[in-house]
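Reading through the structure tokens given below for one structure.
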Amino acid sequence: MTDQTRPTLLASCASASTAAEARFRVNYPNSGRRRSRIFALDGPAAEAMFAITEAPWQGAHFLAVGSGGDVDPEATGADDLPLSHPDGTGAKLSEEIEGADVVVLISSTGENAGAAEVIAREAYHRHIMCGGLALAGTALANGRGSGAPASSPDSDPTSHVVNTLRPFASILVVARDADFIPAMLNALRA
Amino acid sequence: MLRKDVNDLLTQTDSGTPMGDMFRQYWIPALLASELPEDDCAPVRVKLLGERLIAFRDSKGRYGLMDEFCAHRGVSLWFGRNEEGGLRCPYHGWKYDYTGQCIEVPSEPDESGFCEKVKLQAYPLIKIGDILWTHMGDKEDRPPKPTWEFATVPAEQTYTSKRWQECNWLQAMEGGIDSSHVSFLHSGGLKSDPLFKGAKGNQYNHADKKPVFEVTEAEGGLYIGARRNAEEGHFYWRITPWVMPSFTMVPPRGDHPMHGHFWIPIDDENCWAWSFDYHPTRALTEAEVQYMRDGHGVHNEYVPGTFRPLQNKDNDYMMDRDAQKRGDTYSGIKGIAMQDASLQESMGPIVDRTKENLVSTDNGIIMARHRLRKAVTALRDKGVTPPGRDPAHQMVRSVAVVLPADQPYAETCKEDLAARPGQKHTSV
Ligand code: FES
Ligand SMILES: [Fe+2]
């Protein structure tokens, strides 16, 4: 047991949590550049996402799942997934996801659950955090997500979107408005 | 990360600031009713939203809350004589009634009517539950009276305490929606704290240490659901409601009382952490109330005669390194309330959010800031009434429940998440 010496200087005890002492905080960057990969799973989600891709992001890539995204995940390899950049050019999932820090899946209709699974699977194998953002407001405005049969237990649009994302997302946000997309990405230093 | 201008917008609440205007839209807790226990009792100094005020209870039991300083030469009315229907300044005898109106200036002839010209800024003070509430905004636009369930159940079913916290209100409040810290910081308390232990739900907490979070927007604010694996095909959900601007509830455990908090700015570098426990359908037991008084659960012990916690920054919160090593407590600090307060105060009076590195599990906090920012700018720019003012938004409860795996909790538990007077809460 070493001798306990009680600190006596102001900065060596809890009393240092003053505004005056805040001046002495170490002033160097405490994190590196992020590589965030944002995937819009359906049309309305892509529209909302592409509206904000111009902002000066730190290293985020924005990708939309194209038509034909309703794939069978078992039979679909990473690079078979139709993906496009904001400028309309095609993208390869394996290249996009390699070395990413975080993957965010955005869904507003609940369509393309198969694509969500393919992306999440690739993220999982690489130990990349995968979050989901359900745009409930958009889902409601669009009526029921087209993927759910009327009689299914999740025929309510929000629950359909949630159930598309829930199996794959380690964190899920159900937001009413698309303005949460930039708010979240800014907060995450995307 | 939050830009400095947004951080300033959300953390500054003095008179004339946008967030200050937003707090002035609501009835907020000002004092415990027990601080003004009888007619003509001693007046109490209280600072709220950067305004120094004096609270008193006059000879007829009317509550007053007004500018602390006498309009004559600026003496603190804390020294005043509370007598015969008003508070009299001891310096030259000017006297004020509970509305702040000056009713006597002894040096002037009664007939001159001089005193009618003198009025201190005053705010209403109303007793609901154990709390005296005030509304510091426009008197032409008083909100409906508060309807929070903890304050409206019968007196024997509820217990409230408050403590001084030495940091900005927002970082304290963010602790209430930061569900991901619970498995670390408070991991010692689940087994031992008399106000938590023994609930069936606790077994899910122990079995699945890595909850998944689902954040869902609600009319009045947010729900933060933490999901753990339960029996086959089911999830155990713990759902925390946040109501704007600063009300949160902790998900319940078994038949223990439910608890929650209000965080109210004193000034930009201090806040009141209000903590309550209540049971919607039964009286608190003597033992429960004793535990609360002794500082268990969400409550704390005090420096005698004050609302300052016994563990505070002057004694390094009574850090116990041996308890930390043994794992009795995760941080070495005793008690849930002080585990939170010690860390939040250590961030500095107003944490510099430009330096933080939020991750996906911080989405509850990210969404709360987003909602606050939207509400505060809508109020400032367009006069839009912020969420949380509507009594319906205040009728919330936290929930602990086991649901089938495909259910969206906010819809499935709509009723459980609503305060239903006289009906038991949903808890496992
Ligand atoms: S680990 Fe969260 S503040 Fe340090
Ligand atoms: Fe906590």
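Okay, here's what the table says:
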{"read-out": "Cut-off of 10 Å, at most 11 other beta carbons, DSSP loop: longest stretch of chain A lacking such trypsin sites (Lys or Arg not before Pro)", "value": "A:34-190"}
{"read-out": "Cβ neighbours within 10 Å from other chains - mean over A:15-21", "value": "5"}
{"read-out": "Fluctuation leader among A:Ser94, A:Ser15, A:Ser84 - chain A, Gaussian network, Cα springs under 10 angstrom", "value": "A:Ser15"}
{"read-out": "Built amide H within the under 5 Å cut-off of B:Ala418, gap 5+", "value": "B:Arg397"}
{"read-out": "Convex hull volume of segment B:154-281 per residue (C-alpha atoms, cubic angstrom)", "value": "132"}
{"read-out": "Loop-located trypsin sites (Lys or Arg not before Pro) in segment B:167-200, at most 14 other Cβ atoms within 10 Å (DSSP)", "value": "B:Lys197, B:Lys200"}
{"read-out": "Hydrodynamic radius by Kirkwood, which averages 1/r over all alpha carbon pairs of segment B:45-169, in angstrom", "value": "16.1"}
{"read-out": "Hydrodynamic radius by Kirkwood, which averages 1/r over all alpha carbon pairs of the protein assembly as shown, in angstrom", "value": "26.3"}
{"read-out": "Shielding score for B:352-360, defined as the mean number of other chain Cβ atoms within 10 Å", "value": "5"}
{"read-out": "Charge dipole of the protein assembly as shown about the Cα centre (unit charges at C-beta), most positive-ward option of B:His296, B:Ala207, A:Ala190", "value": "B:His296"}
{"read-out": "Neighbour-count order for A:Met129, A:Met184, fewest beta carbons within 10 angstrom listed first", "value": "A:Met129, A:Met184"}
{"read-out": "For segment A:32-187, the spread of Cα positions along each principal axis, largest first, Å", "value": "47, 35, 28"}
{"read-out": "Stokes-Einstein translational diffusion, chain B - Kirkwood Rh over all Cα pairs, 0.692 mPa s, 37 °C, in µm²/s", "value": "144"}
{"read-out": "Dipole moment magnitude, nearest 20 debye, chain B about Cα centre, only Lys, Arg, Asp, Glu C-beta charged", "value": "760"}
{"read-out": "Footprinting exposure proxy for B:Tyr98, A:Tyr28 (fewest neighbouring C-beta atoms within 10 Å first)", "value": "A:Tyr28, B:Tyr98"}
{"read-out": "Phi to ³J(HN,Hα) by Karplus 6.51 cos²θ - 1.76 cosθ + 1.60 over segment B:393-402, Hz, x for Gly, Pro", "value": "5, 7, 7, 10, 9, 7, 9, 10, 7, 9"}
{"read-out": "Vicinal HN-Hα couplings computed from phi for segment B:64-69 (Karplus, 6.51 cos²θ - 1.76 cosθ + 1.60; Hz; Gly/Pro x)", "value": "x, 9, 8, 2, 5, 10"}
{"read-out": "Exposure proxy ranking, count of Cβ atoms within 10 Å, fewest first, for B:Leu372, A:Leu133", "value": "B:Leu372, A:Leu133"}
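No lab work stands behind these numbers, since they all come straight from the coordinates. Quick caveat, the model's predicted, so the values are computed rather than measured. When we count neighbours, we look across all protein chains shown, and the Cβ atoms used for this are built from the backbone with ideal geometry, even at glycine.
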